[in-house]
Amino acid sequence: MNELAPRDQKFITELTAIIDENIENEQFGVSELAEIAGMSRSNLLRRIKKITNESASQFIRNIRLERGLALVKTGELTISEISYRVGFNSTSYFIKCFREHYGFPPGELENQPVEAEEKVDETLPEKRRAKKLRVYMFIIMVISVLVYFAVNQSQSQKTIELPGKSIAVLPFINDSNDSTNLYFVNGLMEAVLGNLQKIGDLKVVSRRSVEKYRNTKKSVSEIGQELNVRYFVEGSGQKVGDQLLLNVYLVDGNTDQRIWSSQYRKKVADVFDLQIEVAKSIASQIEVIIKPLEKAQIEKKPSSNIEAYELFLKAKAELNKYNTEGLLNAIPLLEKAISKDSAFARAYAAMAMTYFYLDIYQLKKQYSDKINSYADKAMLIDNELAQSLVAKALYYMSIGDYNAATPYLEKALKYHPNSEMVIGYLSEYYANYSPNSPNYLKYAIKALQLDIGSMDSMAVSISYLHISNAFIQNGFIDEAENYIRKSLDYDKNNIYSMYVKAYIQLAKDRDFIRLNRELTRIYQIDSSRIDVLQELAKSYYYLNDYKHAYENYSQFLELKHKYNLDVFRHENAKIGYTFQQVGKHEIADSIWEDYFEFIKNDKSIYREVNEALYWAHLKNKEKTLNHLNNFLNEKSFHYWTILFLKDEPILNFISKDPNFEKVYVQLKENFVSKRKETETMLKKEGVLSKKHAP
């Protein structure tokens, strides 16, 4: 079809104008378009299909995408802002649709050939498809027959078969006019989700991934395609006096059909029996195997007192605010819950976690005893509960005894293999508390697999940041670059992603001048970031520009002392050496003393390297080399060790020593060997596909 009849052209132009007027309204769809156009829905569907060979929803979506393309070209808005400007309630879905329509994500527009940036005709769908075909031909570079086949496949809109043993629990609806009941309905939803997460045979999507669908008008099959999930649990309920009314449905994402439903009317006191019954019924319907250990976990009741449970749910709502005010508000609610049920393990564990986060990053820890006491009480009541185990691990993390924390986190994963909370803590633990690059990568990927969608683009950006950071720590440079690009596609203002990207570039070109320029630019964007300030100072340090390193490190120390922060103590070797180089010997000595105290309590795999740096600043070659040789016993160190050790200014006095050269070569060999081992392990566990391999 090369040209539309005047009547059809006028009709398409009028529809386009209506869509443009409602472009920001994510709820604007086929029914709303038909109403404004003064047509029945069926007539509108038929006429759009006849003229454009597109479905009505496809037609609306393509208009949104064209307007999105125009906004991307301006470069004035983030991808997240653009997605909402053109009516997508999910940035991830906007990027997915954009990629499918144009052949590349919005963040890569500037890297596309001229054809991909030509203005798309706003009224002729046939021309849109022709341009899309040209982009595919350029990018994929295949022979014309295969291109034609690929385009025909995409035009036929075939639905991808969804994986069988996968499920998401959509937000339950509060059927009551009383908004205060919402916490109770949310509690039911989370309890069902939590019980399903205890089943190892089942892939369960996290709550955060589905929260964005709370008020959506999308069909279950559409959500299934976005999340790559087969089954969905839907529900609604309310609490009326001492009665609980609940409707639960199980829907097949492949067919959009309900395959099971049940209505429950129970006493509120029986809520725990109801939660267990629902989880078992769902598991039975989709034919997953529940092992005896998992069955025992599902059948555990959190509390014997319903009032205590309601107080706990209110406290949880406060904790979900993720701020200090919420933490402080949760404490009296949890205390009341414990007073009504002295055997409430979840409440004790929540108290331990609350005090941990009130104490985090503080130089002087105030609540270690409280964390330990509440964690012990939770463990005494239920030593297989995920929250009890995590709470005890957090206590050991708070006092720096990381080796003691490890078995508690690993045991929590054993009992709760699908728990986003447990996997999230393991990822954070192996990244920052007990550094282990292969484990960090394994759990970062697992966390993303559970949390494949997100409430907002910022959360998705952070998830991709973790994956990228884990990949670069393991020496997978190309993969790290790919995921950091995705992170910035979702949130181009993510400062963390900006400087991780800068370090990935350093891994590629070892250009410290370029790194310094980029970190300077990032710090100018947000000069309140103490972490960026520290990285900027470090870049001057590696350039042997001690004057500017000193200026930035001085500012960093002022902020650290002002806010009483216990952060970056492992960087004191660089800071002390810098102060030495500019003649600030008295301050340098005090920094080195603090560094020595840090080393004595350092239980990380990097202790030997840290000790080597300490003795190196005293020019003690024998002890420096001894500690570096001892470090050869470690296998799971990160890539930065290899990258920076050769250029470390403190080690300049032995950089030409044959013994140092021998140690460095052996470290590189150890790293390459471990990297291959990591790749094999991740593929075996199904968390790294072949496409991730270098």
J(HN,Hα) series, segment 400-406, from Karplus relation 6.51 cos²θ - 1.76 cosθ + 1.60, nearest Hz, glycine and proline x: x, 9, 6, 4, 6, 6, 3
Within the under-14-Å Cβ sphere about residue 395, not counting residue 395, Lys/Arg +1 and Asp/Glu -1 give a net charge of 0
Go through 240, 53, 278 and say which Cα lies farthest out towards the positive end of the charge dipole of the chain; charges sit on Cβ, +1 for Lys and Arg, -1 for Asp and Glu. 53
What are the residues whose amide H is under 5 Å from the amide H of residue 362, where those residues sit 5 or more places off or on another chain and H is modelled from the backbone? 566
Measuring from centroid to centroid over Cα atoms, what is the spacing of segment 209-244 and segment 481-554 in Å? 41 Å
Per residue of segment 522-533, in order, report the coupling 6.51 cos²θ - 1.76 cosθ + 1.60 (Karplus, θ = phi - 60°) as ³J(HN,Hα) in whole Hz, putting x for Gly and Pro. 5, 5, 5, 5, 8, 7, 8, 7, 5, 5, 5, 4
What's the angle, to the nearest 10 degrees (0 to 90), between helix 56-74's Cα axis and the longest principal axis of the chain? 40 degrees
Lys, Arg +1 and Asp, Glu -1 on Cβ, resulting dipole of the chain about Cα centre, debye, nearest 20: 1240 debye
Provide 373, 284, 166 in ascending order of the number of other Cβ atoms located within 10 Å of each residue's Cβ, fewest first. 284, 373, 166
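Could you tell me whether segment 306-410 comes out rounded, prolate or oblate from its Cα gyration tensor? Rule is a ≥ b ≥ c as square roots of the eigenvalues, rounded for a/c under 1.5, then prolate if a/b exceeds b/c, otherwise oblate.
On the way: a/c = 2.03, a/b = 1.26, b/c = 1.62.
Oblate, since a/c reaches 1.5 and b/c is not below a/b.
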Could you give the angle, 0 to 90 degrees to the nearest 10, between helix 125-140's Cα long axis and the longest principal axis of the Cα atoms of the chain? 30 degrees
Among 28, 557, 582, pick out the residue whose Cα is farthest towards the positive end of the charge dipole of the chain, where Lys and Arg carry +1 and Asp and Glu carry -1 on C-beta, about the Cα centre. 28
Counting only Cα, what are the radius of gyration and maximum Cα-Cα distance Dmax of segment 166-298, in Å? 14.2, 41
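Hey, fewest Cβ within 10 Å first, where do 627, 561, 466 land in order? Provide the component values of the computation, followed by the final result.
Details: 627 20, 561 10, 466 24.
In increasing order of surrounding Cβ atoms, one gets 561, 627, 466.
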List every residue whose amide H lies under 5 Å from the amide H of residue 244, counting only residues 5 or more places away in sequence or on a different chain, with H placed 1.01 Å from N in the peptide plane. 266, 267, 268
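Got the relative contact order for the chain handy, in percent, Cα pairs under 8 Å and 6 or more residues apart? Intermediate values should be presented prior to the final figure.
Numbers: 979 pairs, mean separation 59.6, N = 694.
Relative contact order, the chain: 9 percent.
I'd like the antiparallel share, as a percent to the nearest 5, of DSSP beta bridges with both residues in the chain.
The answer is about 75 percent antiparallel.
I need the calculated FRET efficiency for the pair residue 526 and residue 676, taking r as the beta carbon distance and R₀ as 30 Å, to the nearest 0.05.
On the way: r = 39 Å, r/R0 = 1.29.
Given R0 = 30 Å and the Cβ-Cβ separation, E is 0.20.
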When a footprinting reagent is the concern and you count Cβ atoms within 10 Å, what order do 185, 672 take, fewest first? 672, 185
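Please report, in debye to the nearest 20, how large the charge dipole of segment 206-292 is about its Cα centre when each Lys and Arg carries +1 at its beta carbon and each Asp and Glu carries -1 there. Walk me through the intermediate numbers first.
Numbers: 14 positive and 11 negative charges, 50 e Å.
About 240 debye.
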Amide H neighbours of residue 231 under 5 Å, counting only residues 5+ apart in sequence or on other chains, H built in-plane at 1.01 Å? 166, 167, 168, 253
Cα gyration tensor shape for the chain, rounded if a/c is under 1.5, else prolate or oblate: oblate
One finds the C-alpha centres of segment 404-448 and segment 281-339 to be spaced, in Å, by 21 Å
Applying the Karplus parametrisation 6.51 cos²θ - 1.76 cosθ + 1.60 with θ = phi - 60° to the phi angles of segment 425-430, what ³J(HN,Hα) value in whole Hz is obtained for each residue in order, glycine and proline being reported as x? 5, 5, 4, 5, 4, 7
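So, with +1 on the Cβ of K and R and -1 on the Cβ of D and E, and no other charges, what is the size of the charge dipole of segment 306-410 about its Cα centre, to the nearest 20 debye?
On the way: 11 positive and 13 negative charges, 47 e Å.
Charge dipole, segment 306-410, about its Cα centre: 220 debye, nearest 20.
Using just the helices of the chain, give the 222 nm mean residue ellipticity in deg cm²/dmol: DSSP H runs with n ≥ 4 each add -39,500 (n - 2.57), and the total is spread over all residues, rounded to 500.
-20000 deg cm²/dmol
No value in this document is a laboratory result; all are computed from the given coordinates. In this text the structure is predicted, and so the values were computed from the model without any measurement. We place every Cβ from the backbone using ideal geometry, glycine too, and count neighbours over all the protein chains shown.
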